[in-house]
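First the structure, in the form of C-alpha cells, and then the observations on it.
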Amino acid sequence: MSIRRTAAILSIAAIAVAACSGSTASTAPSAAASVAASTAASAAPSAAPSTASACKVGTSWFTFQEERYGLRDQPALKAAIEAGGGEYIANDAKNSAETQTTNVENLISQGVNVLVIDAFDSEAILPSVAAATAAGIPVIAYDRLIEDPSVLYLTHDNVEVGRMMAREMLKSVPKGAYAIIKGDKANPNSLFLSDGFNEIIGPSVTSGDIKVAAEQFTDSWDPKNAQTEMDQILTGASNKIDAVLSENDGMAGGVIAALTAQGLDGKVPVTGQDGDAAALNRVALGTQLVDIWKDSSELGTAAGKAALQLCKDKDVSKVAGTAPYTTPGGKTVSSILLKPIPITKDNLNVVLDAKWIDVATLCKGVTPGSVPACP
C-alpha cells in the first residue's frame, strides 16, 4: 500500500462523522486572482439543500498549477451548473493527496448532491469515493480515472492524445534518440499517454530506428522538475537527443528551457498537450512541434451537465452519452470520452477561430508569414 493511500485512509476515517455534523471551512485555491475569486466565492460552507429538486455540486480540484483549470475548466463547469439552476462549490488540493482527502470530506459535510473529483492520486482517492458512495452521493471522475465502478469517468481520450503526439513526432523524427518526459507516477493519465506513445513508436523501437535514451516520471507534472530532468538527460547523452515526447505543455516549457540553455531550442522537437497560450505560441515560434488541444471548456460544460442529470437520477449509467469503459484494473465504469485535436504550425487557425487565443498572444515574437496563422 502506498504512503499516499495510507495517509488518505487515515484521514477518511473522520468523514462519516463529519457528514452528519456541521460543515467545515473549505480551502480556496491559491492561483491567479481570477481563479481564487471564482473558487473562494463558493468555498464557504452552506446549509444542506432544502428541497429535493436542489442541486449542489461540490468540486475537488487537485491543482490550479496548470493554466487550463482556472482559465477554462472551472468557469465552464460552474457556468453549466448555474445555468441549470444548481449551486457550485469547490476547493483546491494544491497537488496534495492528503489535502484532497480533507477537501472531499469538507464537501460531503456541506451536503453536496454530486461530487466532481479531479484526482491527484487515483489510489489515495478511493476511500474518499467510497465515503461519498456510502453517503448516497454520485461521483464524476473528472479528467482523471478513478478505478471504481460507481463513478462516471469524464475526460478526453488520453491514450489517443498520446498517439497524436507520437504520430506527429514520428513524422518529424522517424529515426534517432528519444527522451520521454512523463507526468506524475500516481496519475493514470501518465500511463495512458505513455501507452499511446508506445503504440505509435513501439515498432520503430523494436526495429532499432528509435532508441529511447531516457524515460522519466515527473513529480506533480512540475515544469521545474521537467527542466531538471531534461538537463540531466542532455548531460548524460552529451546533448545527443533528437526528440522529446513531453506529456503536457507545462513540462514542455521546462524541457524547452533546458534545450535553450544548450542552444537546442527549435532544433529538438518537443510535444505537449492542454492548449496553454505559451505552448501555442511556442508552436508558432517553432520550439514546440505539436500541442494537443483538449477543449477543457467543453469538458467542464459536459461535467456540469452530467452533474445536473445526476441530481435528478443518481444512476451514472443513465447520463446522456455514456458508454462502458474497461479500466486498466479490469473494472467497468460508465464513461464519456471527448475527442482532442492536434495543433501544429499548419493549423493554428483552429484555435484562433475557436477564440481560444488571440492573434497577438499566439504570434508574439513570430516572424510574420512564417506560419499561416501569423501573416
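Nearest 10 degrees, 0 to 90: what angle lies between the long axis of helix 158-172 and the longest principal axis of the chain (Cα atoms)?
10 degrees
Measuring from centroid to centroid over Cα atoms, what is the spacing of region 203-273 and region 327-351 in Å?
22 Å
Distance cut-off 32 Å, Cα to Cα: go down the list LYS240/LYS355; LYS318/LYS339; LYS94/LYS211; LYS94/LYS339; LYS224/LYS267 and report the pairs above it.
Going by Cα-Cα distance, LYS240/LYS355; LYS94/LYS211 fall outside the 32 Å limit.
Relative contact order for region 234-375: what is it in percent, counting Cα pairs under 8 Å that are at least 6 residues apart?
Working: 194 pairs, mean separation 28.6, N = 142.
20 percent.
GNM on the chain, C-alpha springs below 10 Å: top fluctuator among ALA261, ALA166, ALA124?
Of ALA261, ALA166, ALA124, the most mobile in the Gaussian network model is ALA261.
Kindly express, to the nearest 10 degrees and within the range 0 to 90, the angle between helix 74-83's C-alpha long axis and the longest C-alpha principal axis of the chain.
Here the helix axis deviates by roughly 40 degrees.
Using only the Cα atoms of region 110-215, build the gyration tensor, take square roots of its eigenvalues as a ≥ b ≥ c, and label the shape rounded, prolate or oblate: rounded if a/c is under 1.5, else prolate if a/b is larger than b/c, else oblate. Can you show the working numbers first?
On the way: a/c = 3.98, a/b = 3.07, b/c = 1.30.
Prolate, because a/c is 1.5 or more and a/b exceeds b/c.
Give me the angle, in degrees from 0 to 90, between the Cα long axis of helix 223-236 and the longest principal axis of the Cα atoms of the chain, rounded to the nearest 10.
Tilt of helix 223-236: around 30 degrees.
Looking only at GLY58, GLY85, GLY253, which one moves most when the chain is put into a Gaussian network model with springs between Cα atoms under 10 Å?
GLY85
Below 8 Å between Cα atoms, with a sequence gap of 6+, how large is the relative contact order for the chain in percent? Kindly include the intermediate steps, with their values, before the conclusion.
On the way: 818 pairs, mean separation 62.4, N = 375.
This gives 17 percent for the chain.
Would you please classify the overall shape of region 163-240 from the alpha carbon gyration tensor, given that a ≥ b ≥ c denote the square roots of the eigenvalues, rounded means a/c under 1.5, and beyond that prolate means a/b larger than b/c while oblate covers the rest? All intermediate terms of the calculation are to be shown ahead of the outcome.
Details: a/c = 2.20, a/b = 1.19, b/c = 1.85.
The shape class here is oblate.
Among PRO269, PRO203, PRO127, which one shows the highest mean-square fluctuation when the chain is modelled as a Gaussian network with alpha-carbon springs under 10 Å?
PRO203
Relative contact order, percent, of region 303-375 when contacts are C-alpha pairs under 8 Å separated by at least 6 residues? It would help to have the intermediate numbers written out before the result.
Values: 51 pairs, mean separation 13.5, N = 73.
19 percent.
Among [x] 78, 51, 43; [y] 62, 46, 35; [z] 77, 43, 39, which one is Cα extents along the principal axes in Å computed from these coordinates?
From the options [x] 78, 51, 43; [y] 62, 46, 35; [z] 77, 43, 39, the structure gives [y].
If the chain between ALA237 and LYS224 were fully stretched, how many nm would it gain, using 0.36 nm times the residue separation less the Cα-Cα distance? Before the final figure, lay out each step's value.
Working: separation 13, 0.36 × 13 = 4.68 nm, distance 2.00 nm.
Stretched out fully, the ALA237 to LYS224 stretch lengthens by 2.7 nm.
Computed from the coordinates by the stated procedures, all read-outs in this text should not be read as laboratory data. Remember, it's a predicted structure, so these values are computed and weren't measured experimentally.
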